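Okay, structure first, notes after.
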Amino acid sequence: MRTMERIYRYRMTTTSGGNLSIHEQGGDIWITPARVDKGSLTRNDIVRVAPDGTVEGPHRPSSEFPFHQAVYAARPDIRAVVHAHPVALVAFSICRQTPDTRLFHQAHSVCGRTGFAPYGLPGSEQLGRNIAEAFKAGCDSVILENHGVVVGGACLSHAFQRFEAFEFAAKTVIKGRQIGEVRYLTDGQLEQAHTRSVALESFLLPPPAAKEQELRRQLHLFLRRGCRQRLFISTEGSFSARLGEDSFLITPTQQDRESLEISDFVLVQGDRREKGKKASRAVFAHQAIYRKHPHVQAIVFAHPVNATAFSVTDSVFDTRTIPESYVFLRDVQRVPYGVQFRRDASIADYVTAASPAAILENDGVLVTGNSVLDAFDRLEVLESTAEAVINAHAIGKVSAMPDTVIRELRDAFKIG
């Protein structure tokens, strides 16, 4: 119920479209019902289908139940299935293509092996066979010809994360192709991200003081808002806030960003982290920026789709579009791929007071601020600016504000 609510809220399916299921060890399959509003499902609406075909619940199971059953038969390791019609993946399905997840190290890792299943009548045994064959061949995320997508996972949260990452990759490819040639990662670049180490010694914490509690609350509030605005995806992105001279709070690793609680954020002091928690794998990048730039009080690494489209192409991101964009973002730097994974602190060279944001090649964006609110605000402005520029490409030539206007803005807003 909660997963479908989230998919619907993200506009990744329609009122009548899509279905989810869970396969229990005993053989029961729990599945969303047929012809029930996906935006208002309750616990009682979910249907249980026993191995002998007995149905328990107030509704009929989804008409797509046969292919869920076929996937579970083909892949005993899969315990949950997500099927929906998110626009970007449907675009690929009607072009008979599969998005290349090598855009990002995280998408490539999360989505697993991708594949394509030939068309079959919805709800038919043939469609079930077509999908099952793709999964039996080792695929985890499968585009359905002229239909949508099916994704399997070890549990429902795992399947959802694959589904979300697959859709994110598809949207980024589509956006990126509107502004330039899309760049993909090599095996070596993927390995560079995969093998980075973030080991920190742990320490016991005293009860949090008022300042720490407030920063935890702010991070929780704005991270959740960012997820719901699709500025973050559940498996990627980090948000931190400075607590002291060499201490900060940061998101944990390998946890769904939207479901984080206030207590989940990890306190890092020097080269130690709060006991019982694992800090984001971007922790050393955050640390390097805080150490080099005392004015920075909050840092965001995120993947808003329009700004990220600039990260996977060589298209120049120009903030001289409207006054707000330039005043908030100034001159946005471009960071070569992999700099943020190094332990040499060089990532800190790409942001300054005059350049508070940067585009990370094939890895989203980096934004700094003088507070949690300021960093989040800049992230929103960055994404809005990127979306406006991409949309402008469909209308005509983008006209940047001239130097005389930029000088006027710098004088008026005291930009050094």
### Query
Name the residues in region 117-127 that are assigned to a helix (DSSP H, G or I) and either without any contact (Cβ under 8 Å) to a residue 40 or more places away in the chain or under 29 Å from the mean Cα position of the chain (by Cα) (or both), would you?
Gln126
### Task
Considering (1) under 23 Å from the mean Cα position of the chain (by Cα); (2) of a type outside the set (Phe, Trp, Tyr); (3) over 30 Å from Gln178 (Cβ atoms); (4) not in a helix (DSSP H, G or I), say which one Thr3 fails and leave the rest.
(4)
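How about region 151-173: which of its residues are outside any helix (DSSP H, G or I) and within 30 Å of Thr313 (Cβ to Cβ)? Working first, answer last.
Going residue by residue through region 151-173, those that are outside any helix (DSSP H, G or I) are 151-155.
Within region 151-173, just Val151 meets the criteria.
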## Note on the structure
Restricted to region 296-316 and to residues being closer than 15 Å to Tyr350 by Cα and in contact (Cβ under 8 Å) with a residue 60 or more places away in the chain, the residue surrounded by the most Cβ atoms within 10 Å (Cβ to Cβ) is Val300
### Hits in region 283-302 - residues which are under 17 Å from Ile250 (Cβ atoms) and part of a loop (DSSP other than H, G, I, E, B)
His293, Val296, Gln297
### Task
List the strands (runs of 3 or more DSSP E) that sit entirely inside region 6-55 and contain at least 1 residues that are among the basic types (Lys, Arg) and either free of Cβ contacts under 8 Å to residues at least 24 places away in the same chain or surrounded by 14 or more Cβ atoms within 10 Å (Cβ to Cβ) (or both).
47-49
### Residue, nearest to the chain's Cα centre (by Cα), within region 56-91, restricted to residues that are surrounded by fewer than 22 Cβ atoms within 10 Å (Cβ to Cβ) and within 30 Å of Lys175 (Cα to Cα)
Ala88
### Message
So, Ile289, is that one within 19 Å of the chain's Cα centre (by Cα) and β-branched (Val, Ile, Thr) or not?
### Response
no
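Each value in this text was obtained by applying a stated rule to the coordinates, not by laboratory testing. Computed from a predicted model, the values in this text were never measured in an experiment. Using ideal geometry, Cβ is built from the backbone for each residue, glycine included, and neighbour counts are taken over all protein chains shown.
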